[in-house]
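In what follows, a structure is listed as structure tokens, so that the remarks can point back to it.
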Amino acid sequence: MVPSELKKISDVVWELPRHWKGKDMLVPARFIANDALIKNMDDGVFEQATNAACLPGIVEHALCMPDAHWGYGFPVGGVAAFDAESGIISPGAIGFDINCGMSLQVTNLTAKDVMPKIKELMDLLFKRVPSGVGSKGFLSLSQQDFKRVMLEGAKWCVRNGYAWDEDLERIEANGRIQQADPSCVTDKAISRGINQLGTLGSGNHYLEVQLAKSSMIFDTRIAKKFGIIHGDQVVIMVHCGSRGFGHQVATDNIKEFIEAMKVYKIKVNDRELACAPFNSKEGQKYYKAMACAANSAFANRQIIRHRIRECFAEIFKTSAEKLGMHLVYDVAHNIAKIEEHVVNGKKTSLIVHRKGATRAFPPGHPELANIFQSTGQPVIIGGSMETGSYLLVGTEGSMKNTFGSTAHGSGRTMSRTKAKNLVKGEKLLKSMLERGIYVKTGSYSGVAEEAGMAYKNISEVVDTTEKAGISKKIVGLVPIGNIKG
């Protein structure tokens, strides 16, 4: 139920005041949503966003994107920025799958080229890119090798032949968070992550072959700059993160933060928002471990892209270079990063938490590579396996209103359990095949959990971000093949 105190600021911006439910909120909570989306947001979103608004050092607003839904401690689709000197860091406001993110690469192939081979292609991809709970990759790394991955991220992939040199400038932060320190990572976390590079995992993670439809190319100039030059062009999207490695990093540090809050006399409304001062010993230890997991995730997606290039080259009997398999962008959506933003008219160093939210920097931003200076940062927003996805760009409005952030996906409307009770996975697969979408999965129940009906309308979410001025639509993408964990 929408709180009666919720105030409509504009057509797509809403706000709960600092006194809501008697909470000691330091800033208001803001929600980016149209009337229909706000009406259908679950109660947990309002509770969790206002709990985050009480955390020490938070600035301006606790924010929820239009895809927001209840999560651990903080909504998925949430953004919160804290003063880097006086604020905190909280694993619950980042997520357990650290640097879960999106990747998009193009090809010069068309639907006419790929549709006759789609089953053969997806079967090979399913074989080469392991998915599902507990899946292991093809790499056999020593602990020292894995620590190099933690330190170098995607650069490790370039050095070891799993990436092209050009890939690095097309990855957020060049595929590496510099503050990573493997000494801050537990042995248990290492044991969970060392064999998982090059794997999708389970849940809502996927590898999807898509078409850029001519009717859904909204900005031809920018689309061409990103390598999408005509309708029915084939592209590949990947959604995954640091898997068990990131989960263990979060678990280890939440336990320490619960004790640390007693030392620093921090009280939270929800233990799931356990935190520590960012500049404290505990806060820095977690941030450095989080950076290790983030770098592992950058490497994980890059290795998957390498395998995708191999599979396409094998099926189409030519090189990935000749198939034009360039990376458009790779972006994180479960991460905290040190960034500079204007607060009260003054440039301020902030630790920006994005949980199920995407960085969306505008044209000319100094952190963007030269190739994106005129376009703005590519933003990849994934929908359900039935509905399609979008490529957007960041805008100046995101810097003014959402700490350079936008949505990350369509956002769930129901629990996984409820979806499984309503949908039969085998029946759904047959229905999707009849609609021209070939799905490979190791679990019918896993497919049922990810049915389109379990998610918000992706087009409505994306249109709302555009109306809010925090990102701009470039291309709509529709699925023809999908691998689900």
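Pairs meeting the criteria (first residue in region 235-257 and at negative phi and at pLDDT 95 or above, second residue charged (D, E, K, R) and assigned to a strand (DSSP E or B), beta carbons under 6 Å, at least 6 apart or on different chains) are M237/E208. Scanning region 420-442 for residues that are among the basic types (K, R), exposed (fewer than 14 other Cβ atoms within 10 Å of the Cβ) and farther than 15 Å from I118 by Cβ turns up K427, K430.
Residue selection: V149 satisfies the criterion of being touching a Ser or Thr at 6+ places or on another chain (Cβ under 8 Å), buried (at least 20 other Cβ atoms within 10 Å of the Cβ) and either at pLDDT 95 or above or among the β-branched types (V, I, T) (or both).
Out of curiosity, is L141 in a helix (DSSP H, G or I) and surrounded by 15 or more Cβ atoms within 10 Å (Cβ to Cβ)? For L141, the condition - in a helix (DSSP H, G or I) and surrounded by 15 or more Cβ atoms within 10 Å (Cβ to Cβ) - is not met.
Of everything in region 278-311 that is assigned to a helix (DSSP H, G or I) and among the polar types (S, T, N, Q), the residue that is farthest from T186 (Cα to Cα) is Q302.
Please give the number of the condition N174 fails out of (1) under 15 Å from A294 (Cα atoms); (2) part of a loop (DSSP other than H, G, I, E, B); (3) polar (S, T, N, Q). Condition (2) is where N174 drops out. So, L168, is that one among the hydrophobic types (A, V, I, L, M, F, W, C), under 19 Å from the mean Cα position of the chain (by Cα) and part of a helix (DSSP H, G or I) or not? For L168, the condition - among the hydrophobic types (A, V, I, L, M, F, W, C), under 19 Å from the mean Cα position of the chain (by Cα) and part of a helix (DSSP H, G or I) - is met.
For I381, state whether it is under 14 Å from the mean Cα position of the chain (by Cα), under 22 Å from A49 (Cα atoms) and among the β-branched types (V, I, T). So I381 fits the description; yes. Among residues of region 456-485 being small (G, A, S) and touching a helix residue (DSSP H, G or I) at 6+ places or on another chain (Cβ under 9 Å), the one that is nearest to P362 (Cα to Cα) is S471. For region 3-16, residues that are assigned to a loop (DSSP other than H, G, I, E, B) and of a type outside the set (S, T, Y) total 5. All conditions but one from (1) more than 20 Å from the chain's Cα centre (by Cα); (2) modelled with pLDDT of 95 or more apply to S214; the one that does not is (2).
The values are calculated or read from the model by the stated rules, or taken from the named source; none is laboratory data. Not measured: the values here are computed from a predicted model. When we count neighbours, we look across all protein chains shown, and the Cβ atoms used for this are built from the backbone with ideal geometry, even at glycine.
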